[in-house]
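Data block below; observations after.
All of the numbers you see were taken from the coordinates with simple rules; none came from a lab. For clarity, every value in this text was computed on a predicted model and none was experimentally measured. Because the Cβ atoms are built from the backbone with ideal geometry, glycine has one as well, and the counts that use them run over all protein chains shown.
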């Protein structure tokens, strides 16, 4: 299979795993022990009541940026691969700042798979012959 095709399949897999992780987390929250459900509810209510307006604007901006980067990576734009790595690095501290992370096992599996695929994609963007594809696309434009 061609490397570019493998890359695009992995990119689609990343998006699928991320969406599945979020959906499963929302759908299966009732499977967590009631103490954890109460904790999640309390944290969510405190967070959304204190930062709702700022959160909406920030989420919209980040969402637009993320969509643009994914489209750019799909089209092998050089700026997009650099932005993709920057986006990943910027959001690493989020795991620490966010505090305890509570997931049901299926949500954790999909989340872990998305993180693994994320690492594979970054490696493919810089450490394989596919890296030339990003440079070639910029040279043509």
Query - Degrees, to the nearest 10: 105-127 long Cα axis against longest axis of the chain - result: 20 degrees
Query raised in the report: At what distance in nm do the modelled label points of residue 30 and residue 85 sit from each other, each positioned 7 Å from its Cα along Cα→Cβ?
Result: 4.6 nm
Query raised in the report: Ranking 87, 76 by Cβ neighbours within 10 Å, fewest first, what do you get?
Result: 87, 76
Query raised in the report: For the stretch 56-105, what's the radius of gyration and Dmax over Cα atoms, in angstrom?
Result: 13.3, 37
Query raised in the report: Can you give the angle from 0 to 90° between the axis of helix 3-27 and the longest principal axis of the chain, with both taken from C-alpha atoms, to the nearest 10?
Result: 10 degrees
**Report entry** Helix 130-140 axis, angle to the chain major axis (alpha carbon atoms, nearest 10°)
**Finding:** 70 degrees
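Can you sort 27, 109 from fewest to most other Cβ atoms within 10 Å of each residue's own Cβ?
On the way: 27 12, 109 15.
So the residues, fewest neighbours to most, are 27, 109.
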Requested in this report: Quote the relative contact order of the stretch 3-140 in percent (integer), defining contacts as alpha-carbon pairs under 8 Å separated by 6+ residues.
Outcome: 47 percent
**Report entry** Net length gained if the chain between residue 22 and residue 58 were fully extended (0.36 nm per residue, minus Cα distance)
**Finding:** 11.1 nm
Query raised in the report: How big is the gap, in Å, between the Cα center of the stretch 54-108 and the Cα center of the stretch 1-25?
Result: 14 Å
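Computed FRET efficiency, Cβ-Cβ of residue 131 and residue 68, R0 35 Å: what is it to the nearest 0.05? Could you put the intermediate results ahead of the total?
Details: r = 21 Å, r/R0 = 0.59.
About 0.95, to the nearest 0.05.
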Query raised in the report: Using a Gaussian network model of the chain with C-alpha springs under 10 Å, which one of 83, 41, 114 is most mobile by mean-square fluctuation?
Result: 41
